[in-house]
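A short write-up of the structure that comes next.
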Amino acid sequence: MAEFKRPLLIAVAAAVVLLALIVAMPRPHPVAVRNTPLAPVQAIQKARAVSGLSDRANQQLQAAGDAAGR
């Protein structure tokens, strides 16, 4: 078996280490939007509820104004 030159051995060792890191490193998983703390999806239900309350209050004010104007 012929002797290998030191720079070639270093390059091969570095390539093996790099390949081992690529294989062994955990890959990130995507995060669901509903699991993020400031997800806009979470605010939609609250906004709809508040909008409904506002609509009902406006209808009551309109009805009171119509009744008082007669």
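The values are calculated or read from the model by the stated rules, or taken from the named source; none is laboratory data. These figures come from a predicted structure and were not determined experimentally. Because the Cβ atoms are built from the backbone with ideal geometry, glycine has one as well, and the counts that use them run over all protein chains shown. Heavy atoms of the whole protein, side chains included, go into the accessibility calculation; ligands, DNA and RNA do not. Shrake-Rupley method; radii C 1.70, N 1.55, O 1.52, S 1.80 Å.
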For residues that are surrounded by 10 or more Cβ atoms within 10 Å (Cβ to Cβ) and at pLDDT below 90, scanning just the range 7-39, find the one that is farthest from the chain's Cα centre (by Cα).
-> A39
For the range 40-57, which residues satisfy the criterion of being open to solvent by 90 Å² or more (accessible area, probe 1.4 Å) and modelled with pLDDT of 85 or more?
-> R48, V50, L53, R56
